[in-house]
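Derivation of every value follows stated rules applied to the coordinates shown; laboratory data play no part. What you are looking at is a predicted structure, and each value in this text was computed from that prediction instead of being measured. Don't worry about glycine lacking a Cβ; one is built from the backbone with ideal geometry, like all the others, and counts go over all protein chains shown.
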Amino acid sequence: MTADGRRRKGEQRRRLLLDATMRVIERAGVAAVSQRVVAQEAGVPPSAVTYYFPAVDDLLVAALAACNDDYVRQLDTCARDAEPLVALAGVIAQGSDARRAYVAAEYELWLIAARRPALWPEVERWNTALDTFLAPHVPDPVARTGVAAAVDGLLMRCFSSPAPPSAAEVHEVLRRLVRP
């Protein structure tokens, strides 16, 4: 029982630190992330951060993995939906809603992945999950790569546009790409 309690406490502490990391990124960007700043944001001593995350890159990898976990879960849910493309369109359109600041932090993590090899496995995990989701709808791998690129672009457009497309508009784009 003690080991389970310690494990649970450790998982809670890691989650607290990752949430604090995302708040720092939301507020000030990835460049502002340091173990000291995250500790201050989480209200814990700096040694707690270094215990779970020995380097800043470890924090960033874990934060991106946590974001990715959420998106991969959403893709799985969409795949089980009666209308998977409609469900995916809803996920894509969420980038313009109340989670906007959090989504900005996620995008910043994705963009630094191009320069940080430690983050590449998470990028590949997303690409694989998206490819798996799209495979039943777009059997040709070359066409599927194009649709996947469109999904990534639609995610960015919904987030960054002052007048983002609605879920219905995103669905129409996806529908035309999947069934021309």
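Couple of notes before you dig in:
- Positive-end extreme of charge dipole, the chain - chosen from 121, 46, 88 (charges on Cβ): 46
- Residue-span extension gain [residue 56 to residue 175] - 0.36 nm each, minus C-alpha spacing: 38.7 nm
- Ratio of the Cα radius of gyration of segment 37-99 to 2.2 N^0.38 Å, where N counts its residues: 1.57
- Highest-MSF residue in the chain out of 85, 59, 111 [GNM, Cα springs under 10 Å]: 111
- Among 35, 94, 12, residue whose mean-square fluctuation peaks in a GNM of the chain (springs only between Cα atoms under 10 Å): 12
- Inverse of mean 1/r across different Cα pairs in segment 1-54, Kirkwood, Å: 11.4
- Against the main long axis of the alpha-carbon atoms of the chain, helix 141-160 sits at an angle near 60°.
- Cα Rg, Dmax, segment 102-143, angstrom units: 12.8, 34
- Given R0 = 22 Å, the distance between the Cβ atoms of residue 104 and residue 47 translates into a calculated FRET efficiency of 0.15.
- All Cα-Cα separations within the chain were binned at 5 Å from zero, giving a P(r) of 1, 8, 15, 18, 17, 14, 11, 8, 5, 2, 1, 0, each value a whole percent of the pairs.
- Dipole check for the chain: with +1 at the C-beta of Lys and Arg, -1 at the C-beta of Asp and Glu, and the Cα centre as origin, the magnitude is about 440 Debye.
- For the chain, the relative contact order comes to 23 percent (Cα pairs under 8 Å, sequence separation of at least 6).
- Normalising the average separation of contacting C-alpha pairs (under 8 angstrom, six or more residues apart) by the number of residues puts the relative contact order of segment 93-168 at 48 percent.
- Inter-site label distance for residue 166 and residue 71 at 7 Å from Cα along Cβ, in nm: 2.6
- For the chain, the longest principal axis of the C-alpha atoms and the axis of helix 167-178 are separated by about 60°.
- About its Cα centre, the dipole of segment 1-54 is roughly 180 debye, where the only charges are +1 on Lys and Arg Cβ and -1 on Asp and Glu Cβ.
- Mean residue ellipticity, 222 nm, helices only, the chain: the sum of -39500 (n - 2.57) across DSSP H runs of n ≥ 4, divided by residue count and rounded to 500, is -25000 deg cm²/dmol.
- Difference of contour (0.36 nm per residue) and Cα-Cα distance, residue 14 to residue 80: 20.7 nm
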